Structures are given as C-alpha cells and as structure tokens.
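Quick notes on the structure that follows.
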Amino acid sequence: MPGNMSVPVTIPSPLPGATAGELLDLIRSGRATTRGELGRVTGLSRTAVSARLASLASAGLVLEGDEESVTGGRPASTLVLNRDAGLVLAVAIGRSRSQMSVSALDGTELASVSHDQEVGLGPDVLMPVVADHLTRMLADLGRSGEEVRGVGLSLAGTVDPARVVSVDSPAMAGWDGVPLGAYLRDVTGAPLVLDNDCNVMAASERDGHLRDHDDMLVLKASTGLGLGIVAGGHLIRGHRGAAGELGHVKVAAAEGLLCRCGDTGCLETVAGGWALVERLRAGGQQVHHVRDLVAQAVHGNGEARSIVRESGRRVGEALAATVTVLNPRAIVVGGDMAGAFDTFSAGLRDTLFPATTALAGRDLQVLPATHGEKAGLVGCVHLALDSVLSPLAVNAALVKQHV
Ligand SMILES: [Zn+2]
C-alpha cells in the first residue's frame, strides 16, 4: 500500500566498525578531513581512528599536518590522500581517435597523448600502439609501471565490466569478447577497469560543476549517439548493461534506413555523425569525419550549421520521452558535436522542450560537457580511481602489505 511505503531519509549515520578503507574514502571525498571529523562521522573511538590512520600512513596513502605542507597549504592536522602514492592510467578508445593519460592518485593529469587512427582497426593492431604510448609516457615522466595501481579504459558500445570485455559494439568491429588486459601486461600488472564511453563521460561530470547533480543525462554526440544515465545519484546500466543506446532508438524519420548495427530505422541514421558524413560525401563534399562538419559549422558554413542543428532536433525528439520519464536536472552534451554546442543544443531545445511535460522541462539545463575533449580521459581516471581506492580494494592492499 502506498501509505506504508517507507521513504529513505538521508541523515548522516555513523559507520560502526568503519575500516581503514572507509576512512580513506571519507578523506578522499572531503567528507571528513581531520581525526575529530573521522571520529564523529564513523562513531569510532580516537584510538580506533588512530590505528586505522597509522595503517593508511604506513602504506603511504595518507598525509597529515606538516607532511602535507609539501603538497598544499592546508592547516596542520588536516588529512589528505597522498597523491604521489601511485599512478593511474586512462585509455579512451574511440573509432578514429584514442586518448591516453597518466595521472596522480588525486586525479591530476601528469601526461596525456591523443592518437588518430584509421577507422575500423581491431584490438590486435590498436592495443599494442596504446601500450607503446603508455610505456613512453611513463618513461618520459621517469616513472615505472610498478607504480601504476589501475587502468581505466573506455570503449563505445555495451561492455561487461565484470569480464572486462566489450559485448556489443557496432562501432568497433572485432573488439567484442576480446580480453583487453593481456595487451597491457608489458606496461603494468595493475588491474584493468572497463566501461563504455558514455558512462565514463557521466563519471567525468562528477569532477566538475555538476558534481551535485544526482539526475542528469550525459549525451555523447559524435560518430555515434549514446547516453550516460545518472538517476538518483546512481549510474543506470540496465539489466544487461545495454541502457543508454540512444542511437538505436527507432524513429519515424529513419524508417527503412540501414544502421551500422544491422537494423533499420535507428536515430543514428538521421542524426549520428557517421550518417551525416556519409550523406555529405554522397553529395560530393570532402568530409572525412564529423569533426570536419563541426569545424565547418563553427566557421560559419550555413549548410554545415543547418545539418548540425537538424541533428540536434532529431536527438531532442528522441530524448523527450526519456526526459519526461526520468526528469533530469541537466542534459550534458559531449562528444564531437559539442564543438558546435550552441548550434546543436539550439536544435535539441527546439524539439525537446515542447515535447516534455512542463514540470520536467521547468528547470532543465542543457550544458556542454565540463571537460570538453578531455571528458573521456577524465572519466577513465575516475573509473580507475574509484576501483583501486574503493574501501574494499584499499583494505585488501593493506592486508597484503602486512602479510
Ligand atoms: Zn542501429
């Protein structure tokens, strides 16, 4: 009965028996950054807090007070994660471009590289190139693969994070089911964490001015179209991990048009970058990539602008139902189309707002991705850090240290 439904109330509750890993999580997120705060938040005694901090300090993960003057000007007795206690690698693989970076444990980027590749390369060709770039960046920084605690990698399409394989990626032929960790063994023995490009982009927004947005749709509008869905503060993957495949929503305007997924009638065939480029080339234009189209639009080419705007309109139509159902606070636009954000989002607004309920549209913001072209990399860094610095992973590492 609805009257009996209990409503979850969010009051700060003690974490009885909180572990060292949970303390590090509180410090890292800024929720508790002194011994006193840790005691209050967890309900642990001073002695228990001290014992856990000693364990974290001996593993080099936490700095306190004077030690910290090296890394920043905070007052003594403040606790911080030691950003230099290791490294994470990020690899964002796209259809025609891959980006790689090396970052400190607080997410600060130390080096990055962007690699343009031929479309359609399989993992046997591309992954060794990725490994070379990572090895070279580490060497240039004078760091070693042994310092790497984790690698975050993103691919287009649906992935299985547990098996660390792509399961359905129409955009990346030959990648499905291929274990990718093996290609990086010569770079590092650290664990590889995998997610899809849209979920990773959603993760990147946790590091920007939208960090408090618990409900948002993060649209990647590039060669393909996909959504990262954040609802109630959680990333929504769906039962099979296939949530967010916006590009393959069937729309009337695409009836009978063949999509790269093998089906017909998908939104991508009328609004995805690959389809727009195909159409322009069929018309005799020298366009190789959606980035060329976006560049033309930005430089005032009228036809290019109207094509980008039309893509936005088609996406807005297809998104209206999702917005009405989920009532997000923001739609974040990333990917190559975000390079012409004003034009694309104008089209999106044209069709989206009239088709949602008044309340769902009332406070809805349409915003460009916080990290622009770096969104994929920033998201992969988050993916890796959230995995290797999770309380479970930290506790396991501490136990190992003491064995
Ligand atoms: Zn399709």
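Since every read-out is calculated from the coordinates, none of them should be taken as a lab result. Remember, it's a predicted structure, so these values are computed and weren't measured experimentally. Cβ placement follows ideal geometry from the backbone for every residue including glycine, while neighbour counts extend to all protein chains displayed.
Taking Cα pairs under 8 Å and at least six residues apart, what relative contact order does the range 105-200 come out at, in percent?
Working: 126 pairs, mean separation 31.2, N = 96.
Normalised by residue count, the contact order of the range 105-200 is 32 percent.
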Just going by the charge dipole of the chain, with Lys and Arg at +1 and Asp and Glu at -1 on Cβ, which of LEU348, SER204, THR324 is farthest out on the positive end? THR324
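Quick one: which of 100-110, 200-210 comes out on top by average Cβ neighbours within 10 Å, and what's the full order, highest first?
Values: 100-110: 19.3, 200-210: 22.5.
My ranking of the peptides, most packed first, is 200-210, 100-110.
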Charge dipole (debye, nearest 20) of the chain; +1 at Cβ of Lys and Arg, -1 at Cβ of Asp and Glu: 580 debye
Taking the alpha-carbon distance from LYS250 and a cut-off under 16 Å, which aspartates and glutamates remain once sequence neighbours fewer than 8 residues away in the same chain are dropped? ASP263, GLU268, GLU317
Can you give me the angle between helix 302-326 and the longest principal axis of the chain, using Cα atoms only, in degrees from 0 to 90, rounded to the nearest 10? 60 degrees
Relative contact order for the chain: what is it in percent, counting Cα pairs under 8 Å that are at least 6 residues apart? 15 percent
If you fit an axis through the alpha-carbon atoms of helix 391-402 and take the longest principal axis of the Cα set of the chain, what angle between them do you get, 0 to 90°, nearest 10? 40 degrees
Centroid-to-centroid separation of the range 320-353 and the range 241-315 [C-alpha atoms, Å]: 15 Å
If you wrap the chain's Cα atoms in a convex hull and average its projection over all directions, what's the area in nm²? 23.3 nm²
If the label point is 7 Å along Cα→Cβ of LEU326, which residues in the range 242-271 have backbone nitrogen under 16 Å from it? 242-250
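What ranking, highest mean first, results for peptides 44-57, 150-163 when packing means the other Cβ atoms within 10 Å averaged over each residue? Numbers along the way, then the final one.
Numbers: 44-57: 16.7, 150-163: 21.6.
Packing proxy ranking, top to bottom: 150-163, 44-57.
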So what's the angle, to the nearest 10 degrees on a 0 to 90 scale, between helix 123-140 and the longest Cα principal axis of the chain? 50 degrees
Contact order normalised by length for the range 31-171, with contacts defined as Cα pairs under 8 Å and 6 or more residues apart; what percent is it? 18 percent
Whole-Hz ³J(HN,Hα) for each residue in the range 99-115, computed from phi via Karplus 6.51 cos²θ - 1.76 cosθ + 1.60 with θ = phi - 60°, x for glycine and proline: what do you get? 10, 9, 8, 10, 9, 6, 5, 8, x, 5, 6, 9, 7, 8, 8, 10, 10
Between HIS288 and THR78, what is the label-point separation in nm under the 7 Å Cα-to-beta-carbon projection? 4.8 nm
Residue of GLY300, GLY226, GLY244 that the Gaussian network model of the chain assigns the largest fluctuation, springs spanning Cα pairs under 10 Å: GLY300
Run the reach check for LYS220 against lysines, Cα to Cα strictly under 16 Å, same-chain hits fewer than 8 apart removed. What comes back? LYS374
